[in-house]
Protein chains: 2
Amino acid sequence: MVKINASAITYTKGGEISKILSGTGFSIDTETLGPKQVVIQALATPINPSDLNQLAGTYASKPNFTSELDTPVPVAIGGNEGLYKVIEVGSDVTSYKNGDWVIPKMPSFGTWRTHALVTLDKPENPDPFIKVSSEDDKSIDLTQAATVSINPSTAYQLIDQFIKDWDPKGNDWIIQNGGNSQVGKFVVQIAKIRNIKTISVIRDGKPDQDQIVKELLDLGATKVITDKEAESEEYINKIVPGWVNEGKVILALNCVCGKSGSALVSHLTGNHLADYRSPHLVTYGGMSGQPLMYSSSESLFKNVTSKAYWLTANTKRNPQSKVDTVKKVLALYKSGDIKPVPFNGKEFNIKSTSDDYIKLFLKGIAESKTGKQVIVYN
Amino acid sequence: MVKINASAITYTKGGEISKILSGTGFSIDTETLGPKQVVIQALATPINPSDLNQLAGTYASKPNFTSELDTPVPVAIGGNEGLYKVIEVGSDVTSYKNGDWVIPKMPSFGTWRTHALVTLDKPENPDPFIKVSSEDDKSIDLTQAATVSINPSTAYQLIDQFIKDWDPKGNDWIIQNGGNSQVGKFVVQIAKIRNIKTISVIRDGKPDQDQIVKELLDLGATKVITDKEAESEEYINKIVPGWVNEGKVILALNCVCGKSGSALVSHLTGNHLADYRSPHLVTYGGMSGQPLMYSSSESLFKNVTSKAYWLTANTKRNPQSKVDTVKKVLALYKSGDIKPVPFNGKEFNIKSTSDDYIKLFLKGIAESKTGKQVIVYN
């Protein structure tokens, strides 16, 4: 192998997604591979909502611009999550071998590309990958590895980061909106093995509601209710307290904001005058486009703490936290304690042109409203 | 002295304040005083907003009902703050002497009364008072002692409880709405002696605005702006950042909520991707009647923590914390580091009838919209 023809999804400036993205062809010459360089080839590259925010230019985690693709001006490459196979290693590389499955450790790697030439031991990011498996290790499959970096890692940290004293007897509850999201589906699975009960709130009026409820209960949700129910006096004052009984709804996970987030706070259990535990509202998204809001008297009387969760920030501030989380999630996959959440795979032949590549991505982006899209390479 | 004729402001059920309150006469027989009992006589009893919420029945800290006034049914006595003079002590009482100035340690004492007969060493509240001064101690005057229990103690704890690592070089800022409130005026004084800069937000369009600004600057506020200015892009993006410069607005104190609280968050300094300090929004009231609300993206990108502050809860959970705070505030008065904030005194002759007593209180309650009212006894 001498010259690899590669493609990337690039842009020079944030903006309206359909207008800014290009398919850029480039090549990697493996004959000139440095002793501390590796070449990786894409196996699967997901499209996540935060990728789209980053493209739109409204995201605080900015892309890196690179001249490595020999473009007339530096370009950014889309995407923050991807699974790759190592296909070439330089003479001094000992930490990776051909056939290893790796994911980038840091955000803004620019994952939407068929191949990448990566230099190890750079001072700012000496060990840029997390090895998740290898070609001959059958304990982790592609479906698990492709999305391990973001959705299950987010769910794991959401449960782990804020409440440190989960009741070992199983009397603590999580309530979450976005119950039908990828993160929501991992939350119920991970909560269940931690002996934490869950109430997943889903959007009312979906045609396949019964099927969604069944799927979430099968995954381990204790209860599934609609947002309309969650916001009703009957559920706030009677039905949910009846379920929770002597337990406590100690954590609310909010990716919607507006009145949906407000209802979560109404379900939290807390007594500022007596309890030492502060129920937490943790917000990791704002899908409604509305502000984060909740009742000031509930906040006061229940002693609510409201915090922001952001996987990207955790990783940038402490890269090792990402490595640790991914390893814990992989262990849960291997033990069979959790299972992957299905996504919509879109196949791409790695030998196709950059024109085909951008077409497939634009299709995937357009369809990502209907569910998680992952470009899978063959 | 054998029989003391006393009055109290009582009610049997929360509701519309003008309808539920009565003036109740009762008597205290000092001849039958128990060995561990004391009789106290009011010197000053403030009317606070939280007292009115408690009367309305919408407050989570409930009143105590008592049969001690020989009423046909148990009654609650209004008020949570008061300064009293000890006028009789039982034979076994060593911790207080006649002439001591005391304030109740716990909330819901029922302070709106001319006299009280109090039993010491009760298991649930063995030491019910904090001694703040005495008749012959001239280092604390009545104006200071009358309101030490709530407003300056709140201000002290607001600064002390949430941010533990105040920059010793004076580059940290507090922004607060309710800048012209009693608490707000103590916040700027206490912040100044702690080398913390302050931005006090006051309501726009008050006729005496220039005078308010001058008063707050004189008390120690670094900057005073109107709510209209605080909510403007110009102040958020340019003017306030220019003042704060390399410093950080690390604490926002919010007693208003709605868009006023939201604007405070827009002024907080934080970078979730890099900073380890999380800027705090601390809410201790909701004067606007609007929910607590703020931008979810600001929350995420700045890593905002939102918490509830409630003096009553702190005191109920840890009574000693109240004693410690009051002693620290008294020390600041004695050292001249802070000065009392003026209130509207309403004089009451302690020998007047319970009819006169209730009339004066209803007047004070009606006028408490215009500023803090304190019944002062002579």
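Please list, or write none, the aspartates and glutamates whose alpha carbon is within less than 20 Å of the alpha carbon of B:Lys192, excluding same-chain residues fewer than 8 places away.
In chain and number order, the partners are B:Asp160, B:Asp165, B:Asp167, B:Asp172, B:Glu215, B:Asp218, B:Glu246, B:Asp337.
Restricting attention to segment B:111-146, which trypsin sites (Lys or Arg not before Pro) occupy a DSSP loop and are surrounded by at most 16 other Cβ atoms within 10 Å?
Those that pass, being in a loop and sparsely packed, are B:Lys138.
Inside 10 Å of the C-beta atoms of B:308-320, what's the mean count of C-beta atoms belonging to other chains?
Partner-chain Cβ atoms within 10 Å, mean over residues of B:308-320: 4.
Among B:336-348, A:214-226, how do they line up from the highest to the lowest mean number of other beta-carbon atoms within 10 Å?
A:214-226, B:336-348
If you take every DSSP beta bridge fully contained in the protein assembly as shown, what fraction is antiparallel? Give it as a percent rounded to 5.
60
Kirkwood Rh over alpha-carbon pairs of segment B:10-141, then Stokes-Einstein at 37 °C and 0.692 mPa s: what D in µm² s⁻¹, rounded to an integer?
Taking Rh from Cα pairs, D becomes 212 µm²/s.
Helix A:319-334 sits at what angle to the longest principal axis of chain A, using alpha carbons and giving 0 to 90 degrees rounded to 10?
80
Among DSSP bridges having both ends in segment B:163-308, what percentage is antiparallel? Round to the nearest 5.
About 0 percent, rounded to the nearest 5.
Please compute, for peptide B:272-280, the average count of beta-carbon atoms on other protein chains lying within 10 Å of each residue's beta-carbon.
3
Which distances, shortest first and in nm, link B:Thr32 to the matching position in the other copies, using label points set 7 Å out along Cα to C-beta?
Label point to label point, same position, other copies: 10.4 nm.
Pairing the Cα long axis of helix A:151-161 with the longest principal axis of chain A, what angle in degrees results, from 0 to 90 and rounded to the nearest 10?
Once rounded, one gets 50 degrees.
Could you give the length gained by full extension between A:Ile193 and A:Lys138, i.e. 0.36 nm per residue of separation minus their alpha carbon distance, to one decimal place?
Length difference between fully extended and current span is 17.4 nm.
Give the span of segment A:252-378's Cα atoms along each principal axis, as three whole-Å numbers ordered largest to smallest.
Result, largest extent first: 65, 35, 29 Å.
May I ask you to compute the full-extension gain from B:Lys62 to B:Lys13, defined as 0.36 nm times their residue separation minus their alpha-carbon distance, rounded to one decimal in nm?
In short, 16.6 nm is gained.
Taking the simple approach of a point 7 Å from Cα along Cα-to-Cβ for both B:Ser22 and A:Glu233, what is their distance in nm?
For B:Ser22 paired with A:Glu233, the spin-label model returns 3.1 nm.
Return A:Glu298, A:Glu234, B:Glu246 ranked ascending by Cβ neighbour count within 10 Å, so the fewest neighbours appear first.
Going from least to most buried by this count: B:Glu246, A:Glu234, A:Glu298.
Taking each residue of A:282-295 in turn, how many C-beta atoms of other protein chains fall within 10 Å of its C-beta, and what is the average?
For this peptide, the per-residue mean of nearby foreign Cβ atoms is 5.
Within segment B:164-208, which residues have the backbone N less than 12 Å from the label spot 7 Å out from B:Lys214 along Cα→beta-carbon, could you tell me?
B:208
Segment B:78-234: percent of C-alpha pairs farther apart than 23 Å?
Within segment B:78-234, distances greater than 23 Å cover 52 percent of Cα pairs.
Seen from all sides and averaged, what is the projected area of the convex hull of the Cα atoms in the protein assembly as shown, in nm²?
37.4
Would you report the distance distribution of C-alpha pairs in chain B as whole percents per 20 angstrom bin, up to the bin with the largest distance?
28, 53, 18, 1
List the lysines whose Cα sits under 21 Å from the Cα of A:Lys206, skipping any in the same chain fewer than 8 residues away.
By straight Cα distance, A:Lys206 reaches A:Lys185, A:Lys214, A:Lys223, A:Lys228, A:Lys259, A:Lys369, A:Lys372.
GNM on chain A, C-alpha springs below 10 Å: top fluctuator among A:Pro63, A:Pro35, A:Pro107?
Comparing A:Pro63, A:Pro35, A:Pro107 in the GNM, the peak value goes to A:Pro35.
Among the aspartates and glutamates, select those whose C-alpha is under 16 Å from the C-alpha of B:Lys19, and discard any that sit fewer than 8 residues away in the same chain.
Answer for B:Lys19, where 16 Å is the Cα cut-off: B:Asp51, B:Asp355, listed by chain and number.
Starting from the Cα of B:Asn271, step 7 Å along the direction of its Cβ; do the same at A:Thr32; then give the gap between the two resulting points in nm.
Reported label-point gap for B:Asn271 and A:Thr32 is 3.5 nm.
Taking only Cα atoms and a 10 Å spring cutoff, compute GNM fluctuations for chain B and point out the largest among B:Ile190, B:Ile77, B:Ile17.
Result: B:Ile17 has the largest fluctuation of those listed.
Rounding to the nearest 20 debye, state how big the charge dipole of the protein assembly as shown is about its Cα centre with +1 on each Lys and Arg Cβ and -1 on each Asp and Glu Cβ.
Value, rounded to 20: 60 debye.
Could I have the simple spin-label model distance between A:Asp127 and A:Asn344, label points 7 Å from Cα toward Cβ, reported in nm to one decimal?
About 3.8 nm separates the two model spin labels.
Take every DSSP beta bridge whose two residues both sit in chain A, then give the antiparallel share in percent to the nearest 5.
Around 60 percent antiparallel, to the nearest 5.
Could you give me the ³J(HN,Hα) list for segment B:165-171, computed from phi with Karplus coefficients 6.51, -1.76, 1.60 and θ = phi - 60°, whole Hz, x at Gly and Pro?
So the J values, rounded to whole Hz, are 10, 4, 5, x, 8, x, 9.
Please report the base-10 log of the normalised intensity I(q)/I(0) for segment A:163-308, using a Debye sum with one equal scatterer per alpha carbon and no solvent, at each q in 0.12, 0.16, 0.22 (1/Å).
-0.43, -0.79, -1.57
Using alpha carbons only, how many degrees (0 to 90, rounded to 10) separate the axis of helix A:354-367 from the longest principal axis of chain A?
The helix A:354-367 is inclined about 10 degrees to chain A.
Bear in mind these aren't lab numbers, they're just calculated from the coordinates by the rules spelled out. Treat the numbers as computed from the prediction; the structure is a model and nothing was measured. Please note: Cβ atoms are built from the backbone with ideal geometry, for glycine as well, and neighbour counts cover all protein chains shown.
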